[in-house]
Amino acid sequence: MLKVRQLVKVYPGGVTALRGIDLDVPKGMYGLLGPNGAGKSTFMKILAGLLEPTGGEVTLDDLDVVAQPEAVHSRLGYLPQDFGFYPHLTGTQMLTYLLKLKGVTSPKGLPHLVSELLERVNLTFAAKRKVKGYSGGMRQRLGIAQAVAGNPRLIIVDEPTAGLDPEERQRFYRLLAELADERSVLLSTHIVEDVAVLCPRFAVISKGRLMAETTPTQAQARLEGKIFEGRGSNEELRAIRDRHLVTQAILVEGRNRARIFVADGPAPAGFEPVSATLEDAYMTLVHAPADDLTCRAVDAAASVADEAVA
Ligand code: ADP
């Protein structure tokens, strides 16, 4: 239902944030995973019709998001990364204001819709409290209430769980999963757990390129027999890093423990094979595109960038 073709964004000043992304987003929960600076927010803003791409096409149910952003507006809900709230308004006042801005109407009247939406995101208990007293999770749920107003076909959520404590995160996951029963929910994140918990499919982008489009199971299965775990001194780990990709390095009881991706050849002495986690899969995909996964990234940016500069 959401189709992205050859999407390129070159910011004024010359930063190329997207280098030709092709992606189809089906119904349900879909993850967009990538490190900071990968281009996720740029991608999400273009999908939401808030930023013009330098090149490429985006269609939602065959409507052209780039050419007719207004036509798509009512089919789309967006929770940006830096969602602005007026701290002195109550939850009810804030949501009413946001719905008016969005031009949402309801046959039963706006106050009825506002209380319905607050109920939907479990905020009825805080409807009369000022937003400045809301926790991070409550603010995110209020943001979701405005995104879901008007029953959009697609909800775009940009980095929603950063800064939430584990309990708030779980609650937010449940809310997103519920919303994804009836529509597409595109979740951008750099947190692998978000995808592991929620997304049957996901894409990885890195430096503006699509590195993979896959399922968690498929992404992990292709690493079978290639992930090893072991311990080593700082010096030993440095030497290992020169030869292998370290997918995780942590301290356990004061000693280094590392997981590494061994593409070919023997593993370092003392390293044992282990099952791959989604974190291992993500780390390998960020560093090397997966030709075996449905990966349709094409470097269209260079030619479009040239045109933009000319
Ligand atoms: P992510 O959301 O994955 O962290 P972004 O889309 O925010 O990535 O950024 C992708 C790249 O584009 C980064 O190099 C960033 O510095 C650059 N960028 C983002 N916004 C702008 C802007 N308004 N002007 C110029 N460069 C930008």
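With N set to the number of residues, divide the alpha-carbon radius of gyration of the range 1-85 by 2.2 N^0.38 Å and report two decimals.
Working: Rg = 12.6 Å, N = 85, 2.2 N^0.38 = 11.9 Å.
It is 1.06.
Please turn the phi angles of the range 264-273 into ³J(HN,Hα) values with the Karplus equation 6.51 cos²θ - 1.76 cosθ + 1.60 (θ = phi - 60°), one per residue in order, whole Hz, x for glycine and proline.
7, x, x, 7, x, 4, x, 8, 10, x
With an 8 Å cut-off on Cα pairs and a minimum separation of 6 or more residues, tell me the relative contact order of the range 225-275 in percent.
Dividing the mean separation by the residue count of the range 225-275 yields 54 percent.
With respect to the cross-link table entries K3/K102; K102/K130; K9/K130; K108/K128; K102/K128, which display a Cα-Cα separation exceeding 28 Å? Please list the in-between numbers first.
Numbers: K3/K102 24 Å; K102/K130 21 Å; K9/K130 39 Å; K108/K128 21 Å; K102/K128 22 Å.
Those over the limit are K9/K130.
How large are Rg and Dmax for the chain when calculated on the C-alpha trace, in angstrom?
21.6, 70
Just want the ordering: I21, I144, from fewest to most Cβ atoms lying within 10 Å of their own Cβ. Intermediate values should be presented prior to the final figure.
Details: I21 29, I144 25.
The most exposed by this proxy come first: I144, I21.
Calculate, for S275 and E52, the FRET efficiency according to 1/(1 + (r/R0)^6) with r their C-beta to C-beta distance and R0 51 Å; round to the nearest 0.05.
Working: r = 44 Å, r/R0 = 0.87.
Efficiency, rounded to the nearest 0.05: 0.70.
Can you give the % of DSSP beta bridges in the chain that are antiparallel, to the nearest 5? Kindly include the intermediate steps, with their values, before the conclusion.
Details: 34 of 53 bridges.
So the antiparallel bridges in the chain amount to around 65 percent.
Compute, for the range 225-275, the length of the dipole vector about the Cα centre, with Cβ point charges of +1 (Lys, Arg) and -1 (Asp, Glu) only. Units Debye, rounded to 20. Display every interim value, and only then the final one.
Values: 8 positive and 7 negative charges, 21 e Å.
About 100 debye.
Kindly provide the pair-distance distribution of the range 225-275 built from C-alpha pairs, with 10 Å bins from 0 and whole-percent values in order of increasing distance.
Cα pair-distance distribution for the range 225-275, in percent: 28, 62, 10, 0.
Which whole-number percent gives the relative contact order of the range 2-214, counting Cα pairs below 8 Å spaced six or more residues apart?
On the way: 396 pairs, mean separation 67.4, N = 213.
About 32 percent, as a whole number.
So what is the relative contact order for the range 168-280, in percent, with contacts set as C-alpha pairs under 8 Å and at least six apart?
25 percent
Treating only the Cβ atoms of Lys and Arg (+1) and Asp and Glu (-1) as charged, compute the dipole magnitude of the chain about its Cα centre; round to the nearest 20 debye. Before the final figure, lay out the partial values.
Working: 36 positive and 37 negative charges, 220 e Å.
Result for the chain is approximately 1060 debye, rounded to the nearest 20.
Near D61, within a Cβ-to-Cβ distance under 9 Å, what is the net charge of the other residues, with Lys and Arg +1 and Asp and Glu -1? Before the final figure, lay out the partial values.
Working: positive: R75, R153; negative: D62.
Within the 9 Å Cβ shell, the charges total +1.
With r as the distance between the Cβ atoms of Y86 and N151 and R0 = 25 Å, compute the FRET efficiency 1/(1 + (r/R0)^6) and round to 0.05.
Details: r = 25 Å, r/R0 = 1.01.
My answer for the efficiency is 0.50.
Shape call for the range 35-120 from the C-alpha gyration tensor, a ≥ b ≥ c root eigenvalues: rounded (a/c under 1.5), prolate (a/b greater than b/c) or oblate?
Note, shape of the range 35-120 comes out oblate.
Quick note: the coordinates plus some simple rules give every number you see, no bench work behind them. Quick caveat, the model's predicted, so the values are computed rather than measured. We place every Cβ from the backbone using ideal geometry, glycine too, and count neighbours over all the protein chains shown.
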